[in-house]
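Working notes for the structure below.
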Amino acid sequence: MTVTSALSVRGLNKSFGALVVAQAIDVELAPGARVGLIGPNGAGKTTFVNLLTGFLKPDSGTIALEGTPIEAMSPEMRVQRGLARTHQINTLLREDTARDNVAIAIAERKKYAWRMMRYTPQWKHCTEQADALLRDMGIADVGSRQVRELPYGQQRLLEIAIALALKPRVLLLDEPAAGVPSEEAHRIHDVLAKLPSDIAILIIEHDMEVIFRFAREIIVLLQGRVLTRGAPAQIKDDPEVRAVYLGRTVV
Amino acid sequence: MTKPSSTTTLAPAALAPISKLWATVGHVLPWAIAIGFFFVAEGSLSIGTQIMIWILFALSLDLILGYAGIVTLGHAAFFGVGAYAAGLFSIHFSPDPLIGHIFAIVVSGLLGLVTGALILHTTGVTFLMLTLATVSLIFEFGNQTRWLTGGDDGLQGMRVDPIFGMFEFNIFGQTAYVYALVVLFIWFLFSWRLMHSPFGRSLDGIRQNSRRMRAIGTPVWWRLLAIYGISAAMAGSAGALLAHSTRFVGLSSLSLLTSGIVTVMLILGGTRKLYGAFIGAAIYYLVQDSTAKINPHFWEFIVGGMLIITVLFLEGGLMDLGRIGRRLISRFRQRSDLP
Ligand SMILES: Nc1ncnc2c1ncn2[C@@H]1O[C@H](COP(=O)(O)OP(=O)(O)O)[C@@H](O)[C@H]1O
Ligand SMILES: [Mg+2]
């Protein structure tokens with residue numbers, strides 16, 4: 001089989017007791033894809049990311065990353081194979097500096113984090129690369145600051161920086177601008193627009209303007225089910241989608 | 001010791017910058033005291049040996065509790081098993097203390113890996129309960145196997161040869177003291193490097209947020225298992241020192257109370273600094289020793305009181321007093337610099 005898809009999800013099912021949060025979900029991400037995942041709160045979007053990354057175990061279904069089945073793998077193995085994510089709620093090392101948050105991810109990717117005796121020049125390399133990445137993200141100035149002192153918006157950018165440090169093939173962005181005041185959100189949207197084009201990206205985002213601009217395909221999730229999917233223009237005009245979701249947020 | 005060039009590399013932002021002078025003083029002082037004590041202590045060297053054994057034990061706990069955030073009450077299992085391993089080795093195989101010591105390190109390290117592999121997938125209270133169960137089981141095993149361990153009479157009849165065939169364990173305790181000091185120093189250097197490395201940093205990351213670490217691909221379970229085994233081996237080494245220096249191993253070395261005491265020492269001195277173990281164990285021991293003469297239970301009040309004060313006011317343990325002192329001094333200096 002030729003590997004034409006970066007991520008291929010087939011028939012994914014998951015229930016929490018009686019609550020069905022994923023029902024026969026199929027998703028294909030081609031290399032470099034830009035897919036938006038939308039749906040009302042509680043639709044199961046974050047759960048979907050957790051299922052893909054291995055933080056939750058699906059009841060059934062298959063997940064293939066560049067042709068390799070990964071559903072039996074631990075979260076860390078999936079990351080090592082090129083599946084990275086950001087979190088809807090900041091998940092950072094709050095006592096460490098922004099630079100070190102990124103450097104640790106780089107060290108982990110380079111299999112350098114098992115080094116037990118001392119820091120060697122390789123660690124310095126990691127921190128230099130971390131600085132470069134922070135610079136690309138436009139937050140070079142916060143490298144030496146402790147994460148818990150950073151404004152929320154910059155912590156959100158750091159979430160993305162850490163994921164990029166892993167050099168993923170597939171990136172899952174869970175509401176990257178969640179909780180950021182709208183006058184600051186543009187900084188995050190600018191970063192999104194500049195993400196490397198060879199990475200396949202699935203983005204969950206509530207700002208419809210952002211998602212219509214960013215995504216080439218949109219999947220609408222409702223109660224764990226794919227309600228509909230298609231090109232942004234198509235989704236925008238879909239009366240069903242308007243009724244359950246867009247009607248509330250789009251002017 | 002070699003000058004650690006990486007004093008600032010662990011959680012650097014959390015610490016006020018320490019001047020080179022202060023850092024050097026901080027590194028030299030404990031060892032200078034330990035060496036000086038050898039020459040002035042005369043009759044009380046064995047107390048010094050005991051303190052160093054507890055420092056080593058507390059140091060091993062700092063690696064898992066302080067750095068990796070593994071909250072355990074079962075650490076005495078490794079200390080006690082190390083002591084029994086050293087004791088039994090000297091009785092049944094060879095009285096050579098160094099081979100016995102290595103044997104103890106291996107046995108307790110393996111025990112750490114095996115028990116760790118069984119319980120490290122759990123966290124929090126579940127993990128705590130499982131460590132409790134582990135240490136209780138091993139205690140009971142030691143209690144029941146009288147034929148092997150001597151049960152509650154303790155393990156007696158140990159023979160310990162001179163170290164390198166030259167330095168006899170004499171009644172003044174000089175050999176035991178130097179032996180303990182050297183072993184402590186080696187483990188300290190090892191721990192220092194271990195914690196100031198990418199590996200040590202990843203443990204600190206796991207303590208802060210294990211979910212984050214999993215999301216960057218850290219094999220969290222393996223990392224924790226590695227440090228759990230290393231820490232167990234170190235605790236076993238402390239146990240072996242105890243066995244060799246006293247030629248006796250009691251069941252109490254395996255008891256829950258022992259786990260509790262070493263935890264109190266570490267919290268008292270300060271976690272995640274390595275030197276916290278030094279201060280905590282020394283203070284605990286000295287307070288116990290000096291106040292027990294007044295009233296056998298008095299020291300418990302003192303230690304309890306100190307612990308409460310530490311936990312409430314000194315986030316970083318008694319070692320914070322040093323930092324507060326430094327800050328006061330520098331403020332005083334600044335003020336006197338003013339015209
Ligand atoms: N670990 C869990 N256990 C039980 N229910 C959960 C769990 N995680 C999420 N849920 C529930 O699953 C549903 C979908 O949640 P989520 O995926 O977070 O929604 P979304 O991200 O689309 O807002 C919600 O009703 C939520 O309460
Ligand atoms: Mg969500």
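The values are calculated or read from the model by the stated rules, or taken from the named source; none is laboratory data. Predicted model only: the values in this text are computed from it and were never measured. Here the Cβ positions follow ideal geometry from the backbone for every residue, glycine too, while neighbour counts run over all protein chains shown. For accessibility, only protein heavy atoms count, side chains too; no ligands or nucleic acids. Shrake-Rupley method; radii C 1.70, N 1.55, O 1.52, S 1.80 Å.
Summary of values
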item: Semi-axis lengths, Å, segment B:210-339, gyration tensor of Cα atoms, sqrt of 5 times eigenvalues; result: 31, 27, 14
item: Charge dipole of the protein assembly as shown about the Cα centre (unit charges at C-beta), most positive-ward option of B:Met306, B:Leu128, B:Phe278; result: B:Phe278
item: Within a Gaussian network of chain B (alpha carbon springs, distance under 10 Å), most fluctuating of B:Ile302, B:Ile230, B:Ile206; result: B:Ile302
item: 15 Å beta-carbon shell around A:Leu221, net charge (K/R +1, D/E -1); result: -3
item: Carbon + sulfur, % of accessible area of chain A - ligands and nucleic acids excluded, 1.4 Å; result: 52
item: Residue (of A:Thr91, A:Val79, A:Pro151) at the positive-pole extreme of segment A:73-169, dipole from beta-carbon charges; result: A:Val79
item: Segment B:45-255: Cα Rg divided by the 2.2 N^0.38 Å rule of thumb; result: 1.03
item: Residue-level accessible surface for A:Met137, protein heavy atoms, 1.4 Å, Å²; result: 20
item: Hz values of 3J(HN,Hα) by residue in segment B:227-232 - Karplus curve (6.51, -1.76, 1.60), Gly and Pro given as x; result: 6, 5, x, 4, 5, 5
item: Table column - 3J(HN,Hα) (Hz), segment A:225-242, Karplus curve with 6.51, -1.76, 1.60, x for Gly and Pro; result: 10, 6, 6, 6, 8, x, 5, x, 4, 5, 5, 4, 8, 5, x, 4, 5, 4
item: Set of lysines with alpha-carbon distance to B:Lys20 below 20 Å, sequence-local pairs under 8 removed; result: B:Lys3, B:Lys273
item: Surface accessible to a 1.4 Å probe, B:Met306 within the full protein complex, Å²; result: 50
item: Magnitude of the charge dipole, segment A:73-169, Cβ model with Lys/Arg +1 and Asp/Glu -1, debye to 20; result: 440
item: Probe 1.4 Å, protein heavy atoms only - accessible area per residue of segment A:73-169 in square angstrom; result: 40
item: Charge context of A:Lys124, other residues only, Cβ under 15 angstrom, K/R +1, D/E -1; result: +2
item: Per-residue SASA entry for B:Met129, accessible area with 1.4 Å probe, Å² rounded to 10; result: 100
item: Accessible heavy-atom area order of A:Lys110, A:Lys124, B:Lys20, B:Lys273, highest first, probe of 1.4 Å; result: B:Lys20, A:Lys124, A:Lys110, B:Lys273
item: Interchain or long-range residues, amide H under 5 Å from A:Ile203's placed H; result: A:Val35, A:Gly36, A:Leu37, A:Leu173
item: Distance histogram in 10 Å bins (all Cα pairs of chain A, percent per bin); result: 7, 30, 35, 21, 6, 1, 0
item: Estimated distance in nm for a label pair at B:Ala23 and A:Glu240, the labels positioned 7 Å out from Cα along Cα-to-Cβ; result: 6.4
item: The protein assembly as shown: antiparallel DSSP beta bridges as a percent of all, rounded to 5; result: 60
item: Euclidean distance of C-alpha centroids, segment B:19-37 and segment B:138-187, integer Å; result: 29
item: Separation between Cα centres of segment B:203-253 and segment A:63-85, rounded to whole Å; result: 30
item: Max mean-square fluctuation residue, GNM over chain B, Cα-Cα springs under 10 Å, options B:Gly150, B:Gly325, B:Gly239; result: B:Gly325
item: Check: the protein assembly as shown dipole with +1 on Lys, Arg Cβ and -1 on Asp, Glu Cβ, in debye; result: 860
item: Heavy-atom SASA rank of B:Thr134, B:Thr310 (probe 1.4 Å, accessible area, largest first); result: B:Thr134, B:Thr310
item: Shielding score for A:70-80, defined as the mean number of other chain Cβ atoms within 10 Å; result: 3
item: Dipole-positive endmost among A:Ile204, A:Ala243, A:Ala165 within segment A:109-251 (Cβ charges, Cα centre); result: A:Ala165
item: Phi-based couplings in Hz for segment B:174-189 (Karplus 6.51, -1.76, 1.60; Gly and Pro marked x); result: 5, 4, 4, 5, 5, 4, 5, 5, 5, 4, 4, 5, 4, 5, 5, 4
item: Interface area, B with A, accessible, probe 1.4 Å, both sides summed, Å² nearest 100; result: 3200
item: Interchain or long-range residues, amide H under 5 Å from B:His75's placed H; result: none
item: Convex hull volume per residue in cubic angstrom - Cα atoms of the protein assembly as shown; result: 205
item: Summed residue charge, Cβ within 12 Å of A:Ala24's Cβ, Lys/Arg positive, Asp/Glu negative; result: +1
item: Shielded residues, segment A:102-121 - accessible-area loss of 40 Å² or more between chain alone and all protein chains, probe 1.4 Å; result: A:Ile104, A:Glu108, A:Ala113, A:Trp114, A:Met116, A:Met117, A:Arg118, A:Tyr119
item: Nearest-20 debye value, chain B charge dipole, Cβ charges on Lys, Arg, Asp, Glu; result: 1440
item: Entries of A:Lys45/A:Lys110; A:Lys45/A:Lys236; A:Lys57/A:Lys167 with Cα pairs more than 27 Å apart; result: A:Lys45/A:Lys110
item: Qualifying aspartates and glutamates (Cα of each under 12 Å from Cα of A:Lys194; at least 8 residues distant if same chain); result: A:Asp136
item: For chain A, calculated [θ]222 nm from helices alone, where every DSSP H run of n ≥ 4 adds -39500 (n - 2.57); result: -9500 deg cm²/dmol
